[in-house]
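The numbers here are math on the coordinates, done by the rules we state, and not lab data. Quick caveat: nothing in here was measured; it's all calculated off a predicted structure. As a convention, Cβ positions derive from the backbone with ideal geometry for all residues, glycine included, and neighbour counts pool all protein chains shown.
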Amino acid sequence: MISGRGLGHTGGTLDKLESIPGFRVRLSLTEFREVLRRSKMGLIGQTPEVAPADRKLYALRDVTATVESRPLISASIMSKKMAEGIDALVLDVKTGDGAFMKSFEDAKALAETMVEIGRGMGKKVAALITDMDQPLGHAVGNALEVAECVETLKGRGPSDLESLSLELSAWMLYLGGVTTLLEAARARVRDALASGAGLRKLREIVELQGGDPRVVDDPGLLPRAREAIPLRADRDGRVTRIGCGAVGHAAMLLGAGRETVESAIDPAVGLVLHKKGGDLVIQGEPLLTLHVNDRTHLEEVKALLRDAIRVGPEAPARTALIRAVLD
C-alpha cells in the first residue's frame, strides 16, 4: 500500500508508521518488491521511482490553499493506488466535521470520482463513506494511534475502530476474490483477529521494514510524551458533541500534525479521549488526556477542546458509522 502524509488537521498513515522506531516507509522499488514477495504486503509512501509527482501535488495543495480540492485529492490518492499495480481497491472516504468533505453529498461526489478513475483503469473498486463527526477510536496522535491499533489487533481496541477495520478488511477479501460472499469475508477477518494472525502479520511487516517488532508486544516502547495532562468535565451530563475538526487542530498544535508540508512532527504527542458521543459524564471526571512535550500552545489547545466537547442533559441521536457503500 502506498500512503500519504498528514496535511492540515488530518493525520497521515506514513507519519503514524514512522512513529515505530526504525520503521522505513521510503523503500526503493527493489526493496518494496522483496517485502511484497516475503510478506504479501508492504506499507510505503511515494518515492522518486513510484508516484514521484505526488510530493509536488502535496506542496501545490499547501501553497495554493487547495488542500480540500476534490480533483487534487482524487489525483493524489488514485495516482498512488494505481501505481501499486493492484487489481482491486477499497476506499474509506470520510464525511463530517473532521473530514475534508464535511457534507455527505461532497463525500459521495469524491468517492464517485475516485471509483470512476479506478474502474476506468480496469480495477475493481468499492468505496465506503464513513462518519467522521467524532474521532474514530480514542487516540489522536501518531504513536498513540499505533498503540491503539496494536490493542485492536489483540481484541482489546475500541468497538468503532474494530468494527470499521473489520468491514474494510472484509471488502478487501471480497473484491480480491478470496471469498465469493461478503459475510464469509467478514468471518475470515474475525478468525484472523481472534487467532492472532493479524497481530503476527503486523509484527512481520514491522520487522521486514526495519522497525522494532517488540512494539507489537510492548507498545510502551513507542515514543512517549513527557507530560500527561487531563482535561476534566465542568458539569454532569452526556457528551452531545465532539468537534472532530477542532480535535484534529488541537493535536496539530501540540505537534502531532503539520501546518505546512515542511513542518516537523512529534510522534509522541496527541490526546486520548475517555468519553465519546452519548457517554455519561460526571463533573470533575477526565474527558480526555493530553500527551504533551511542548507547552507553547497548551492553553489554546485546552480552549479549543473545551469548545469542541459539549456536555448536555440528553444523549444525541446515534449516527451510523458506515453511511453508504459504493460498489
Problem - Dipole-positive endmost among 245, 149, 316 within the chain (Cβ charges, Cα centre) - result: 149
Practice task
Report the dimensions of the chain along its three principal axes from the alpha-carbon atoms, largest first, rounded to Å.
Solution key: 54, 47, 38
Practice task
State the extension gain, in nm to one decimal, for the chain segment bounded by residue 66 and residue 235, taking 0.36 nm per residue of separation less the distance between their alpha-carbons.
Solution key: 56.9 nm
Fill in the blank from the handout: Computed about the Cα centre, the charge dipole of the stretch 225-312 from +1 Lys/Arg and -1 Asp/Glu charges at the Cβ has a magnitude in debye, to the nearest 20, of 360 debye
Handout entry: Solvent-free Debye scattering, log10 I(q)/I(0), computed from the Cα coordinates of the stretch 225-312 at q = 0.12 Å⁻¹
Key = -0.35
Fill in the blank from the handout: Quick note on 73, 44, ordering by fewest other C-beta atoms within 10 Å, gives 73, 44
Handout entry: Under-5 Å amide H pairs with residue 212, H placed in peptide plane, nonlocal only
Key = 23
Handout entry: Footprinting exposure proxy for 62, 15, 191 (fewest neighbouring C-beta atoms within 10 Å first)
Key = 191, 62, 15
Fill in the blank from the handout: For residue 108, the lysines lying under 21 Å Cα to Cα, once residues fewer than eight places off in the same chain are dropped, come out as 80, 81, 94, 123, 124
Exercise for the section: For the stretch 182-227, just run the numbers: alpha carbon Rg, then divide by 2.2 N^0.38 Å, N being how many residues it has. Expected result: 1.51
Completion exercise
Computed about the Cα centre, the charge dipole of the chain from +1 Lys/Arg and -1 Asp/Glu charges at the Cβ has a magnitude in debye, to the nearest 20, of 520 debye
Practice task
List every residue whose amide H lies under 5 Å from the amide H of residue 157, counting only residues 5 or more places away in sequence or on a different chain, with H placed 1.01 Å from N in the peptide plane.
Solution key: 152
Completion exercise
Percent relative contact order for the chain, counting Cα pairs under 8 Å at least six residues apart, stands at 22 percent
Fill in the blank from the handout: Under 5 Å from the placed amide H of residue 3, counting only residues 5+ away or on other chains, we find 44, 45, 46
Handout entry: Furthest towards positive pole of dipole, 229, 265, 282, structure part the stretch 225-312, Cβ charges
Key = 282
Practice task
Can you tell me how much longer the chain between residue 119 and residue 187 gets when fully stretched, taken as 0.36 nm per residue apart minus their C-alpha distance, in nm with one decimal?
Solution key: 21.8 nm
